[in-house]
Amino acid sequence: MGDLPEFAELVDRYQGMVYSIALRSLGQREAAEDLAQEVFLSLHEHLHGLESEDHVRNWLRRTAANRSIDEIRRRRYRSGPGLDEVPESFTEPGDSDPLLLALLRSTVAALPAEARVLTVLRFQQELEPGEIAATLNMPVATVKSRIHRTLKLLRGKLERRTEARPKG
Amino acid sequence: MNESPDLELQLREALRETSAPPLLRARILNAAASRGRRSSHAVLWRRIVALAALLTIGSFGLYRWEQRRRAEAVAEQFKLALRIAHREVLEVQAKLVVEVPVQLPQTN
Amino acid sequence: MIKKQVFAVLLMSWLAAAAQEIDLRALKALEAKASETTDINLGPEQIKLMMGLGSELAPELQGLGKTVERVQVKTLQFDKEGAYTLAETEKLRESVMTGNLVSLISVKKKNGFTEIAMRKGPKGENAGFLIVNVEPTEIAVVSIVGQLDLSSLAKLSGKLGVPNIQMGPAETSKKKGSAKQEEEELF
């Protein structure tokens, strides 16, 4: 273990990160909690192989991202994709338009598994394309092009929404 | 990558990290403790089973080896008994020929 | 009822096995005086154990293992004469010469005796043999129970470590002890 904090302390520090990756990727609180629990249990088993807190953080992020991809694919295989999995909104305090945020979340939630998790890693975890490529084990160019396509898709959605709003 | 800063800001807001549910921490720690207990029990049982298997196989091997050793000893004793029987008959024959000219009758 | 039958069968088989075993307790007291002893007592269990070696056994031994039920050998060698009295050896004769025996050779001398007898089964069939040879410095008792007679023993010459010497009058007209010397040379 070296100078690593106790397991409980690691849970305290990183449960928000792991849960958030899972929540924004899967779109369901219960599923996100289950996934977060599995990720931390896996950490508990692998803790002896991790040397630093940075290592632990990267390991948790990578495991949460990859398990989220697996879980999305498994659900799609069982019941097919659908927005019914995604709650209408995660209402949170702030100045933002809750309907806009809900639209963005539901659009992200309808993306293919890798693109969805990649978007979460980029815009929630603030990872650079190179870091995302390393985390998801894919080429940097692929990461960049998927981010580009996702933003294009979202922009289109927002534009359609703006056009649909009554003017005045 | 900075082609739509407003959109990216809105996306960051939509996807921003949220705090974990209050009971998640306790749930994770309980599950880890429970799995640790199960794991240590499983390890203990695996060790017991492995030891029992080793003892059984070892005992069986030792038994077979001992049986074989005894069987070989019996075979050697059997052969020694036949040699002694043969020698005694020869001695008696020799003695009888020298002292009393009597021939051994054919049995069967 | 079944228990009684099982007990009776077990008892009879134990008695039969015990009956095959000759009583050599008369030699017990002499063992301490002997300079060299050989003691072999192989019953059905040991012979069965030996047969477990299967094809690793010499073919002759495999054959004998199927027909011989018990092998008993006891030899005592003494450094000097006079280690035992004729009365003691007479006790030995009385204790071993029991059962359905047909005497082939019985020779008494002032310092010993020789007995060779055939064992007969219930139907008069060959059931082994008994040799008791008492000499001034050696006592030997050989008891075989099973289908092995003296001529079959003679056929084992040159096999199983038995010296290759023909048994018969022409070959045995040598001085006493020469057969033993020849055997020792062969070993």
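FYI, it's all coordinate maths here, none of it is from the lab. Keep in mind that this is a model prediction, so the values were computed, not measured. Here the Cβ positions follow ideal geometry from the backbone for every residue, glycine too, while neighbour counts run over all protein chains shown.
Take the Cβ-Cβ distance between C:LYS155 and B:LEU62 as r, set R0 to 35 Å, and report the resulting FRET efficiency rounded to the nearest 0.05.
With R0 = 35 Å, the Cβ-Cβ based efficiency is 0.35.
On average, how many beta carbons from a partner chain sit within 10 Å of the beta carbon of a residue in B:24-33?
Across the residues of B:24-33, the mean count of other-chain Cβ atoms within 10 Å is 6.
Relative contact order, percent, of the stretch C:23-166 when contacts are C-alpha pairs under 8 Å separated by at least 6 residues?
Once normalised by length, the contact order is 24 percent.
Would you mind giving the mean number of other chain beta-carbons within 10 Å of the Cβ of each residue in C:47-54, as a whole number?
5
Mind running the shape call on the stretch B:1-59? Use the C-alpha gyration tensor, a ≥ b ≥ c as the square roots of the eigenvalues: rounded below 1.5 for a/c, prolate if a/b tops b/c, oblate otherwise.
Numbers: a/c = 13.32, a/b = 3.13, b/c = 4.25.
Oblate shape, in that a/c is at least 1.5 and b/c is the bigger or equal ratio.
Cα-based Rg (one decimal) and Dmax (whole number) for the stretch B:22-99, in Å?
Both quantities, over Cα of the stretch B:22-99: 33.2, 115 Å.
Average partner chain C-beta neighbours within 10 Å, per residue of A:28-37?
Neighbouring Cβ atoms belonging to other protein chains average 3 per residue here.
What does the charge count around C:LEU61 come to, taking other residues whose C-beta lies under 14 Å from its C-beta (Lys +1, Arg +1, Asp -1, Glu -1)?
Taking every Cβ under 14 Å from that of C:LEU61, the sum is +2.
Please list A:122-129, B:24-31 highest first by mean number of surrounding beta-carbon atoms within 10 Å per residue.
A:122-129, B:24-31
Equivalent ellipsoid semi-axes for the stretch C:23-166, as square roots of 5 times the alpha carbon gyration tensor eigenvalues: give them largest first, rounded to whole Å.
Values: eigenvalues 153, 64, 44 Å².
Ellipsoid semi-axes (Å, largest first): 28, 18, 15.
Report the gain in length on full extension from C:THR67 to C:SER35: 0.36 nm times residue separation, minus Cα-Cα distance, nm rounded to one decimal.
8.1 nm
For a protection proxy built on the mean count of beta-carbon atoms within 10 angstrom, sort C:126-136, B:60-70 highest first, please.
Highest mean packing first, the order is C:126-136, B:60-70.
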